[in-house]
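What follows is a single structure, written as structure tokens, with notes after it.
The values are calculated or read from the model by the stated rules, or taken from the named source; none is laboratory data. Fair warning: this is a prediction, and the values are worked out from it, not measured in the lab. Glycine also receives a Cβ, built like all others from the backbone with ideal geometry; neighbour counts cover every protein chain displayed.
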Amino acid sequence: MGISERKERERTEREQRIIAAARLLAERDGWASVTVRRLAQEIEYSQPVLYAHFVNRDAIVGAVALEGFGELGPMLRTSVRRGATPTEAIQDVATAYLQFAFERPALYEAMFVLPSGLRFAKSDTPQVLRDTFGAMMVVVEPFCADYEIATESFWAALHGLAELERHGRIRSTHRDERVRHIVAMFG
């Protein structure tokens with residue numbers, strides 16, 4: 001292995017340590033605790049080293065969010081039961097989406113709430129975001145001709161439910177009933 005390959009590997013490893021530390025801190029203490037100074041202390045590097053990898057905290061949040069999309073997309077795809085009807089498939093995806101939001105609150109917040117610098121629905125949207133949206137779109141498509149807009153509406157409804165419930169604005173005891181209402185709008 002040459003020097004440039006070793007340096008690139010070390011750079012990638014440092015970047016992964018920063019992302020992992022940010023994710024761990026956010027899960028343990030909330031995103032307010034994730035500062036460049038605190039991350040530098042956690043991974044025992046100077047702040048300039050962190051800034052050599054990420055221009056600011058939003059970029060770190062964006063890197064964590066990309067990891068989250070890399071987990072959410074496959075989770076949505078595998079949530080659909082084999083032989084599921086279109087109605088069952090959309091219900092499976094809705095349930096899995098909400099489960100993800102509640103089981104990984106800090107990650108979900110990085111993906112959908114905090115400034116991250118990620119661009120959605122643009123020509124330069126990262127592929128992992130497109131893949132996750134595609135996991136939702138595939139279950140919406142059987143229900144309508146304009147499935148992209150319908151998928152955005154489906155996503156918005158799920159996100160709204162997740163945020164309202166996460167912040168205690170609606171009762172968690174009625175989650176399944178709400179999912180059935182959303183699914184019924186497509187059926």
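Answer yes or no as to whether E42 is acidic (D, E), at negative phi and not assigned by TED's automatic domain parsing to the domain that holds L25. So E42 fails the test.
Against the condition β-branched (V, I, T) and within 13 Å of the chain's Cα centre (by Cα), how does V93 come out, does it pass? Answer is no for this residue. Selection of region 39-51 for residues being over 16 Å from L114 (Cβ atoms) and free of Cβ contacts under 8 Å to residues at least 24 places away in the same chain yields A40, Q41, E42, E44, S46, Q47, P48, Y51.
In the list R104, R82, which residue meets the criterion of being out of contact with any Phe, Trp or Tyr (no Cβ under 9 Å at 6 or more places or on another chain), surrounded by fewer than 14 Cβ atoms within 10 Å (Cβ to Cβ) and not hydroxyl-bearing (S, T, Y)? Spell out the reasoning first.
Values: R104 fails: surrounded by fewer than 14 Cβ atoms within 10 Å (Cβ to Cβ).
Exactly one of R104, R82 is out of contact with any Phe, Trp or Tyr (no Cβ under 9 Å at 6 or more places or on another chain), surrounded by fewer than 14 Cβ atoms within 10 Å (Cβ to Cβ) and not hydroxyl-bearing (S, T, Y), namely R82.
Can we say S116 is surrounded by 15 or more Cβ atoms within 10 Å (Cβ to Cβ), modelled with pLDDT under 95 and either in a loop (DSSP other than H, G, I, E, B) or basic (K, R) (or both)? Against the criterion (surrounded by 15 or more Cβ atoms within 10 Å (Cβ to Cβ), modelled with pLDDT under 95 and either in a loop (DSSP other than H, G, I, E, B) or basic (K, R) (or both)), S116 qualifies.
In region 119-152, of all residues being of a type in the set (G, A, S) and surrounded by fewer than 16 Cβ atoms within 10 Å (Cβ to Cβ), the one that is farthest from T95 (Cα to Cα) corresponds to S123.
Please tell me if A162 is surrounded by fewer than 18 Cβ atoms within 10 Å (Cβ to Cβ), among the aliphatic types (A, V, I, L, M), in a helix (DSSP H, G or I) and at pLDDT 95 or above.
Numbers: surrounded by fewer than 18 Cβ atoms within 10 Å (Cβ to Cβ): no; among the aliphatic types (A, V, I, L, M): yes; in a helix (DSSP H, G or I): yes; at pLDDT 95 or above: yes.
When the stated conditions are applied, A162 does not pass them.
Being without any contact (Cβ under 8 Å) to a residue 60 or more places away in the chain, part of a helix (DSSP H, G or I) and hydrophobic (A, V, I, L, M, F, W, C), is that true of even one residue in region 169-185? Yes, there is a match, as at least one residue in region 169-185 is without any contact (Cβ under 8 Å) to a residue 60 or more places away in the chain, part of a helix (DSSP H, G or I) and hydrophobic (A, V, I, L, M, F, W, C).
Looking only at region 1-34, residues that are touching a helix residue (DSSP H, G or I) at 6+ places or on another chain (Cβ under 7 Å) and free of Cβ contacts under 8 Å to residues at least 24 places away in the same chain come to 3 in all.
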